[in-house]
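No lab work stands behind these numbers, since they all come straight from the coordinates. Given the structure is predicted, the values throughout are model-derived calculations rather than measurements. Virtual Cβ from ideal backbone geometry, glycine too; neighbours counted across all protein chains shown.
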Amino acid sequence: VSSVAVLTAAGSGTRLGPAGAGLPKGLVPLAGEPLVLRAARGLAAAGCLDGVVVTVPAGSLAEFRALFPGDVVPGSALPVAVVVGGATRQASVAAGLRGIRPLLASTGSTSESGACADVVLVHDAARCLTPPEVIRAVDAAVRAGRRAVVPAVAVTDTIKQTGPTEADGAAAVTATLHRAALRAVQTPQGFAGLLLEDAHAAGAEHGGDEATALSDDAGLVEAMGEQVYVVPGHERALKITTPVDLALAELLLSTEEG
Ligand code: CTP
Ligand code: MG
């Protein structure tokens, strides 16, 4: 059984603002190491993967490739392919999926299911501190037969649904969601390869532009009527989006046990 990760790093990191030093987010250093490299090392540390396809901005291909000398994750033997992503995260994942077959072919791994890989994990470079145990747990759940598995944590805020923002900046509350049943989802999101390929083909048919693209792959799978499951995520799997997140990630690193 083959298992490959698509590591999405084709975003620009707009919301990091000046804290991103004008770099695409994947190249932004966290305690001296670019986010994408940390994320790739985490995937390698999980020990359950046959390869990683990294999606990157078209203008930064050379800078990203330079992080993976010999086309492996540094310090490991895990094969890496760096490919150009798309205008939306969804398009980037689709580009990553297309990169899996050539990568596996070059390493001699095979897929039993006829998909690009039997198991595909989609992971955000922005979640570069995700513990290897979370990666292994998602991979193991898919291998064990759950076809769509996402890590998630309980939410601490009360979440309200609202209508449009009005001229004075206020918006009407339309619903208060029952917090105990809510989960904030993280990555890696794991799928049977065949299912994810189908979901992306269907998603591309229904648009996939800025306005309609989904921020999460499980959403595409749900839209196909397929059951998605959650397993426990981790606070260290936070997504680095804003300067505060970057500072928090630095703090988490400095308090790492062992
Ligand atoms: N991503 C991608 N291709 C895109 C957009 C996003 O591969 N066209 C990736 C990002 O690189 C990131 C993940 O999807 O690892 C989650 O996206 P987000 O946190 O929004 O990152 P950015 O899009 O880079 O940030 P921003 O939205 O602030 O510009
Ligand atoms: Mg974005």
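Look through VAL185, VAL149, VAL173 and report the one residue that is touching a residue at least 60 places away in the same chain (Cβ under 8 Å) and either of a type in the set (Gly, Ala, Ser) or touching a strand residue (DSSP E or B) at 6+ places or on another chain (Cβ under 8 Å) (or both).
VAL149
Could you please give the count of residues in the stretch 61-102 that are touching a residue at least 24 places away in the same chain (Cβ under 8 Å), small (Gly, Ala, Ser) and either in a loop (DSSP other than H, G, I, E, B) or out of contact with any helix residue (DSSP H, G or I) (no Cβ under 7 Å at 6 or more places or on another chain) (or both)?
Qualifying residue count, the stretch 61-102: 10.
Can you find, within the stretch 19-36, the residue that is surrounded by the most Cβ atoms within 10 Å (Cβ to Cβ) among those that are more than 16 Å from ligand 2 (Cβ to nearest atom) and either in a strand (DSSP E or B) or in contact (Cβ under 8 Å) with a residue 60 or more places away in the chain (or both)?
Only one residue fits best here, namely PRO34.
Identify, please: which residue in the stretch 137-156 is among the β-branched types (Val, Ile, Thr) and more than 13 Å from VAL231 (Cβ to Cβ) and is, among those, surrounded by the most Cβ atoms within 10 Å (Cβ to Cβ)?
Filtering first and then ranking leaves VAL155.
Within the stretch 44-53, how many residues turn out to be within 17 Å of THR8 (Cβ to Cβ) and either within 13 Å of ligand 1 (Cβ to nearest atom) or more than 16 Å from the chain's Cα centre (by Cα) (or both)?
Final tally of qualifying residues: 1.
Which of the numbered conditions does GLY75 fail, given that it passes all the others? Conditions: (1) in contact with a Leu (Cβ under 9 Å, 6 or more places away or on another chain); (2) under 30 Å from ARG143 (Cα atoms); (3) surrounded by fewer than 19 Cβ atoms within 10 Å (Cβ to Cβ).
Checking GLY75 against (1) in contact with a Leu (Cβ under 9 Å, 6 or more places away or on another chain); (2) under 30 Å from ARG143 (Cα atoms); (3) surrounded by fewer than 19 Cβ atoms within 10 Å (Cβ to Cβ), the one that fails is (1).
Got at least one residue in the stretch 127-146 being within 16 Å of ligand 2 (Cβ to nearest atom) and of a type in the set (A, V, I, L, M, F, W, C)?
yes
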